[in-house]
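The block underneath contains the structure these notes are about, expressed in structure tokens.
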């Protein structure tokens, strides 16, 4: 009986959390969104990192769920850090360089990587091309330097 109540409680909590994320991510309604990376308006990323810029596609990276085009200049180094929320990205051009305790990854055009919230890692841009990628998260963007 207690196990059944616990399972019901967990299911309700998960459903509630999912519905909040879904509502935040669908603030744009049911309309089609099209943005070309070459015509996007890039500005300094919300954390103010020199060498990283973002162009909003949907949502607001400084406030909640969002999708952006993100650019790293050649040789960009974000240092070791974490994010509060999961971050999903697909590289369009150049290479997103990723490193954690498990090793290094070169995430190239067409490649996908998911970085779980709270996971300590290093990221940067290819030394010659930098990186252009689509980035999405269910919460606001942050970059918390690792200690």
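Since every read-out is calculated from the coordinates, none of them should be taken as a lab result. From a predicted model like this one, the values you see are computed outputs, not experimental measurements. Cβ coordinates were reconstructed from backbone atoms using ideal geometry, including for glycine residues, and neighbour counts include every protein chain displayed.
Table for the structure above
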{"item": "More than 21 Å apart - percent of Cα-Cα pairs taken over region 34-147", "result": "27 percent"}
{"item": "Region 78-124: projected area of the alpha-carbon convex hull, averaged over directions, in nm²", "result": "3.0 nm²"}
{"item": "Proportion of all alpha-carbon pairs of region 99-147 beyond 12 Å (%)", "result": "72 percent"}
{"item": "Segments 30-41, 109-120 sorted - mean Cβ within 10 Å per residue, highest first", "result": "109-120, 30-41"}
{"item": "Highest to lowest packing among 131-138, 46-53, scored as the average C-beta count within 10 Å", "result": "131-138, 46-53"}
{"item": "Packing-based ranking, highest mean first, of 93-104, 67-78 given that Cβ atoms within 10 Å are counted", "result": "67-78, 93-104"}
